[in-house]
1. What number of residues within the range 23-54 are closer than 11 Å to Tyr65 by Cα, touching a residue at least 24 places away in the same chain (Cβ under 8 Å) and surrounded by 14 or more Cβ atoms within 10 Å (Cβ to Cβ)?
2. Just give me the residues in the range 102-138 being of a type in the set (Ser, Thr, Tyr) and either touching an Asp or Glu at 6+ places or on another chain (Cβ under 7 Å) or at pLDDT 90 or above (or both), in sequence order.
3. Here are the criteria: (1) in contact (Cβ under 8 Å) with a residue 12 or more places away in the chain; (2) assigned to a helix (DSSP H, G or I). Tell me which single one Leu89 does not satisfy.
4. Could you pull out the residue among Arg59, Arg25, Arg39, Arg6 that is among the basic types (Lys, Arg) and within 18 Å of the chain's Cα centre (by Cα)?
5. Kindly indicate whether any position in the range 9-21 is modelled with pLDDT of 95 or more, over 21 Å from Met130 (Cβ atoms) and either in a strand (DSSP E or B) or out of contact with any Pro (no Cβ under 9 Å at 6 or more places or on another chain) (or both).
6. Can you tell me how many residues within the range 23-53 are within 19 Å of Arg6 (Cα to Cα) and outside any helix (DSSP H, G or I)?
Amino acid sequence: MIILSRLADYGVIVATHLAAFPDRRVNAVTVAAETRLPRATVAKVLKALAHAGLVTAFRGAGGGYRLARNAAAISVAEVVAAIDGDIGLTQCSVHVDECARTTYCPTRPHWAAINRAVGEALSAVSLEAMLTPAAFIRRTALSSNPPQHDESRFLA
């Protein structure tokens, strides 16, 4: 199974939450309460997102965080990279020099292509798209069946 780190997953949740309220400055305690994530984790995520330039931090009584750019201009790939670094499905996808099999591995070029495809897929989804569950409903489900209140309509 390929899975994002828990911290990257939380980063997407936090960034999407900020995208839902683009003009609001909100502190880490409030984000933690509203997203039901641990305070310390939210603080760590917000710091990483700020370091990557995805959120802007404001100090003082009216301080807090908000997205640094429009939600449509920030991709899920950027959020994941801010938390986990470069997206890589295998060690050789990111750290070529650390693999002793680089010169003779028959799967290496294929993993590079797969890694690019995953990166492109994550880059194609903006935080704005993450706000709308309808963006992930299969088109065939909408055209051939009436809307249902069933979570299975959403792509994973």
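1. Looking only at that region, the number is 9.
2. Our first condition is that a residue be of a type in the set (Ser, Thr, Tyr); within the range 102-138, this holds for 102-104, 107, 123, 126, 132.
Answer for the range 102-138, where residues must be of a type in the set (Ser, Thr, Tyr) and either touching an Asp or Glu at 6+ places or on another chain (Cβ under 7 Å) or at pLDDT 90 or above (or both): Ser123, Ser126.
3. So the condition that Leu89 fails would be (2).
4. Details: Arg59 fails: within 18 Å of the chain's Cα centre (by Cα); Arg25 fails: within 18 Å of the chain's Cα centre (by Cα); Arg39 fails: within 18 Å of the chain's Cα centre (by Cα).
Within the list Arg59, Arg25, Arg39, Arg6, the selection yields Arg6.
5. no
6. Residues that pass the stated criteria total 4.
The values are calculated or read from the model by the stated rules, or taken from the named source; none is laboratory data. What you see is a predicted model; the values in this text were computed from it and never measured. Heads up, the Cβs are rebuilt from the backbone with ideal geometry, glycines too, and the neighbour counts pull from every protein chain shown.
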